[in-house]
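The values are calculated or read from the model by the stated rules, or taken from the named source; none is laboratory data. Small disclaimer: the values here were computed from a predicted structure and weren't measured. Please note: Cβ atoms are built from the backbone with ideal geometry, for glycine as well, and neighbour counts cover all protein chains shown. What goes into the accessible areas is simple: the full protein's heavy atoms, side chains included, and nothing from ligands, DNA or RNA. Shrake-Rupley method; radii C 1.70, N 1.55, O 1.52, S 1.80 Å.
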Amino acid sequence: MTDHRPNRRPSAETRAAQALRMIDPQTGAVVPGIEPATTFARDADYEPRQSYIYARDGGPTVERAQALIASLEEAEETLLFASGMAALVALIETVPAGAHVVAPRIMYHGGLNWLVRQQEKGRLRVSFFDQADPDDLARQIEPGATDLVWIETPTNPNWDVTDIRAAAEAAHAAGARLAADCTAAPPCTTRALDLGADYAFHSATKYLGGHSDLTAGVISCRAVDARWEELVTVRNLSGSVIAAFEAWLLIRGIRTLYVRFRQASENALAFARHFEAHPEVEAVLYPGLESHPGHAIARAQMTGGFGGMLSLMVHGSADRAKDVARFCTCFFPATSLGGVESLIEHRKAVEGPNSVVPDRLLRLSIGIEDVADLIADMEQALDRSA
Ligand SMILES: *Cc1c(COP(=O)(O)O)cnc(C)c1O
């Protein structure tokens, strides 16, 4: 039943749109300000006036952005980093030397490359699970030895869906922690901590920022503990904190997260349905389609829409797939995802020769434009490349 009491807590959508109602006490400004200072004067007793000392620890603008994301994730605390990769590297740095990590075989290539590098340097042992097989994750966990399980859902660029609750149960039963990269499923649709993850991770460069004009990474925790304090220390010592201006832009972006994500999800579903039975398209990979193997889990854990990320497998050669990407005039031929503008990329060309992504796969980030323009653009590109 809808709660209409006057003192009810505003919903997450309202908290996002109003950026937690951070009214400036001096001016009444309804938009949170930006504090660019790197250093903060002490008081007459030589004590910090508030908690701020030096900007590499974070500062008022960074803390405001963190508080907003923590509120949307229902997290105890949130930390922002200069990029998604900076956040991932910091979290992996907290894994004890020689410990075991489990990660998906297909995942964001930067994260994968970092894990392989740690393994090659002898710092960690890593086992990769088949993210398309619901039972493989549990098989790769070594009770007592596995320290961290990393999942990504939906997984880039096949959009396989991993059951966060089941992954958390498997990790916890073995004494490991679960980190969920939900970059393609921001908190307006999936709250990983509620589903049992210990850490909710996002490249905030994508949906949270939403305008392809900032890089940021974020990790939120279900409970603050010694390991979380270690992550705070790593961010400080490695100097990987987000800058104040980026944090401010991120707050601005998050205010429209819900409407952007709803529109992108609606567009992507219409686009996926249009091309699902198209003669020039072998397959449309989109968790919102009933034909997608992860659809049932996606329905259960993506409650605010399936998002704007989908991939097309075109009939023909790798060159034809590249031609389709080149011939699009409404989609931008560019990497990244989660912005208001639609992007198309030939993923294998971007990831390089070691990539396991099929060479006829085109990854699309559907934005908030008129979907009729996007469908018409893909139709003409498929025609022209035939
Ligand atoms: C982009 C991305 C990252 C890395 O984030 P950056 O902000 O580019 O460093 C990590 N995971 C996923 C799923 C991503 O799409």
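Things to note:
- Taking residues in segment 323-340 that are under 21 Å from Ala184 (Cβ atoms), and partners anywhere that are within 13 Å of the ligand (Cβ to nearest atom) and open to solvent by 40 Å² or more (accessible area, probe 1.4 Å), the pairs with Cβ atoms closer than 8 Å and at least 6 places apart or on different chains are Thr335/Val350; Ser336/Ser212; Gly339/Ser212; Val340/Ser212.
- Scope segment 63-98; condition in contact with a helix residue (DSSP H, G or I) (Cβ under 7 Å, 6 or more places away or on another chain) and among the hydroxyl-bearing types (Ser, Thr, Tyr); matching residues: Ser71, Thr78, Thr94
- Count of segment 123-148 residues which are in contact with a helix residue (DSSP H, G or I) (Cβ under 9 Å, 6 or more places away or on another chain), open to solvent by less than 40 Å² (accessible area, probe 1.4 Å), modelled with pLDDT of 95 or more and not aliphatic (A, V, I, L, M): 3
- Val281 vs. criteria out of contact with any His (no Cβ under 6 Å at 6 or more places or on another chain) and open to solvent by less than 20 Å² (accessible area, probe 1.4 Å): yes
- Within segment 98-116, considering residues that are in contact with a Gly (Cβ under 9 Å, 6 or more places away or on another chain) and either within 17 Å of Glu230 (Cβ to Cβ) or aromatic (Phe, Trp, Tyr) (or both), the one farthest from the ligand (Cβ to nearest atom): Gly98
- Residues that are under 22 Å from Val357 (Cα atoms), of a type outside the set (A, V, I, L, M, F, W, C) and under 18 Å from the mean Cα position of the chain (by Cα) within segment 295-311 comprise Gly307, Gly308, Ser311, listed in sequence order.
- Leading residue by the ranking (nearest to Ser71 (Cα to Cα)) among those in segment 260-299 that are without any contact (Cβ under 8 Å) to a residue 12 or more places away in the chain and hydrophobic (A, V, I, L, M, F, W, C): Ala296
- Just one of the numbered conditions (1) under 30 Å from Asp130 (Cβ atoms); (2) open to solvent by 70 Å² or more (accessible area, probe 1.4 Å) is not true of Leu91: (2).
- Single condition Glu120 does not satisfy, out of (1) open to solvent by 40 Å² or more (accessible area, probe 1.4 Å); (2) under 30 Å from Gly305 (Cβ atoms): (2)
- In summary, helices (runs of 4 or more DSSP H) completely within segment 80-152 and bearing 3 or more residues that are more than 21 Å from Ser238 (Cα to Cα) and not polar (S, T, N, Q) occur at 136-140.
- Options Thr94, Thr78; residue that is of a type outside the set (A, V, I, L, M), under 16 Å from the mean Cα position of the chain (by Cα), at pLDDT 95 or above and under 24 Å from Val224 (Cβ atoms): Thr78
- Residue in segment 310-324 that is under 19 Å from Gly210 (Cβ atoms), open to solvent by less than 10 Å² (accessible area, probe 1.4 Å) and either within 16 Å of the ligand (Cβ to nearest atom) or of a type in the set (Asp, Glu) (or both) present: yes
- Residue check, Asp57 open to solvent by 40 Å² or more (accessible area, probe 1.4 Å), within 21 Å of Ala204 (Cα to Cα) and either small (Gly, Ala, Ser) or away from the ligand (no atom under 16 Å from the Cβ) (or both): yes
- Scanning segment 44-79 for residues that are assigned to a loop (DSSP other than H, G, I, E, B), more than 24 Å from Gln18 (Cβ to Cβ) and of a type in the set (Asp, Glu) yields Asp45, Glu47.
- Val30 vs. criteria surrounded by fewer than 16 Cβ atoms within 10 Å (Cβ to Cβ) and assigned to a loop (DSSP other than H, G, I, E, B): yes
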